[in-house]
Amino acid sequence: MADSTLEGRTALITGSTSGIGLGMAQALAAAGANIILNGLGDGDEIEALRAEIADQYGVEVIYDGANMLEATEITTMVGSAVERFGAVDILVNNAGIQYVSAIDEFPADRWQAIININLVSNFHTIKAALPAMKKQNWGRIINLASAHGLVASPYKSAYVAAKHGVVGLTKTVALEIAEQQITCNAICPGYVRTPLVEGQISDQMKAHNMSREQVINDIFLVAQPSKRFVEVEELGQVAVFLCSPGASSINGISLPVEGGWIAK
Ligand code: NAD
């Protein structure tokens with residue numbers, strides 16, 4: 001059963017059929033929020049996830065398959081949620097993709113897709129969700145940026161540009177809603193072991209003819225002083241905290257959750 005911290009609230013989490021977004025959905029449901037799942041994937045598997053979260057936490061869970069590349073689908077998803085629940089009280093902009101390549105070889109269509117899914121979709125969801133938040137004078141916007149929203153790594157030009165953009169967008173929205181009981185913050189995770197990172201591990205194993213262990217230790221965790229992946233559950237707890245009364249004055253921050261990466 002859910003606890004009651006967020007009872008009566010509704011959370012929309014983009015890209016919540018997998019990885020961090022799914023962990024956020026589970027954590028917010030565990031705190032009592034109704035959930036709108038979004039993301040790509042197999043219909044039967046998504047339905048099973050939806051039913052499991054609803055059963056486990058006793059909250060309402062619905063799924064909307066809006067494509068984060070399509071502005072009209074995003075606007076329609078948020079509009080339907082507002083119609084059904086009165087507002088999207090908690091908006092988590094999480095959907096994201098990655099592609100790794102030297103900039104002079106970076107396919108232009110991959111570059112544009114990363115910018116559109118990881119950054120531009122956040123503009124469309126926020127624009128659509130804010131009027132109902134303002135009307136009720138309460139809202140929480142949480143944007144999944146990344147350690148790569150604060151520092152760069154080579155070969156990730158589109159991702160680093162998009163995530164730095166998310167940090168800037170977060171600050172701007174925070175200033176625009178600062179006088180209301182709405183906050184907009186970013187979470188900046190280090191490496192989290194999700195399908196997005198698993199794909200990069202496999203690519204690096206092939207590119208460098210290295211073992212999985214070597215890639216994990218010498219390429220990924222070398223950036224992270226904790227020498228371990230951040231856990232999805234840790235990020236879920238951070239999101240619940242940002243929605244709690246104790247976080248009411250936290251606005252416009254980009255919070256590193258990365259085992260000390262940014263401290264270096
Ligand atoms: P993931 O691949 O496990 O999940 C990504 C989610 O986004 C999936 O639900 C997928 O279906 C959805 N998605 C992708 N394209 C979409 C589209 N066009 N429309 C709708 N949904 C779409 O990845 P993850 O690691 O959980 O990443 C989630 C977020 O966290 C991303 O924004 C990512 O950049 C960020 N992040 C991840 C890490 C990490 O190490 N995994 C670190 C820092 C930040």
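Do you know which residues across segment 69-105 are in contact with a strand residue (DSSP E or B) (Cβ under 9 Å, 6 or more places away or on another chain), more than 11 Å from the ligand (Cβ to nearest atom) and of a type in the set (S, T, N, Q)?
T76, S80
Might you let me know whether segment 62-70 holds any residue that is closer than 22 Å to I201 by Cα and either of a type in the set (K, R) or under 21 Å from the mean Cα position of the chain (by Cα) (or both)? Step through it out loud before you land on a result.
Of all residues in segment 62-70, those closer than 22 Å to I201 by Cα come to none.
No - not one qualifying residue is present in segment 62-70.
In the set D3, D64, D55, which member is more than 15 Å from the ligand (Cβ to nearest atom), touching a residue at least 12 places away in the same chain (Cβ under 8 Å) and out of contact with any Lys or Arg (no Cβ under 6 Å at 6 or more places or on another chain)? Full working, then the answer.
Numbers: D64 fails: more than 15 Å from the ligand (Cβ to nearest atom); D55 fails: touching a residue at least 12 places away in the same chain (Cβ under 8 Å).
None of the other options fit; the residue is D3.
If you take just the strands (runs of 3 or more DSSP E) that sit entirely in segment 60-163, which of them hold at least 1 residues that are surrounded by fewer than 19 Cβ atoms within 10 Å (Cβ to Cβ) and at pLDDT 95 or above?
Values: elements: 61-64, 90-93, 139-144.
It comes to 61-64.
Being open to solvent by less than 20 Å² (accessible area, probe 1.4 Å) and away from the ligand (no atom under 11 Å from the Cβ) is the requirement here; does A31 meet it?
Details: open to solvent by less than 20 Å² (accessible area, probe 1.4 Å): yes; away from the ligand (no atom under 11 Å from the Cβ): yes.
So A31 passes the test.
Which is open to solvent by 10 Å² or more (accessible area, probe 1.4 Å) and part of a loop (DSSP other than H, G, I, E, B), of E47, E7? Show your work before the answer.
Values: E47 fails: part of a loop (DSSP other than H, G, I, E, B).
Going through E47, E7 in turn, the sole match is E7.
If you check I250 against the conditions, is it outside any helix (DSSP H, G or I), more than 13 Å from the ligand (Cβ to nearest atom) and of a type outside the set (S, T, Y)? Steps first, please.
On the way: outside any helix (DSSP H, G or I): yes; more than 13 Å from the ligand (Cβ to nearest atom): yes; of a type outside the set (S, T, Y): yes.
For I250, the condition - outside any helix (DSSP H, G or I), more than 13 Å from the ligand (Cβ to nearest atom) and of a type outside the set (S, T, Y) - is met.
Go through A207, A247, A239, A263 for me and flag whichever is surrounded by 19 or more Cβ atoms within 10 Å (Cβ to Cβ) and out of contact with any Asp or Glu (no Cβ under 8 Å at 6 or more places or on another chain).
Going through A207, A247, A239, A263 in turn, the sole match is A239.
The values are calculated or read from the model by the stated rules, or taken from the named source; none is laboratory data. Given the structure is predicted, the values throughout are model-derived calculations rather than measurements. Positions of Cβ are backbone-derived with ideal geometry, glycine not excepted, and every protein chain shown enters the neighbour counts. Accessible surface areas use protein heavy atoms only, side chains included; no ligands, DNA or RNA. Shrake-Rupley method; radii C 1.70, N 1.55, O 1.52, S 1.80 Å.
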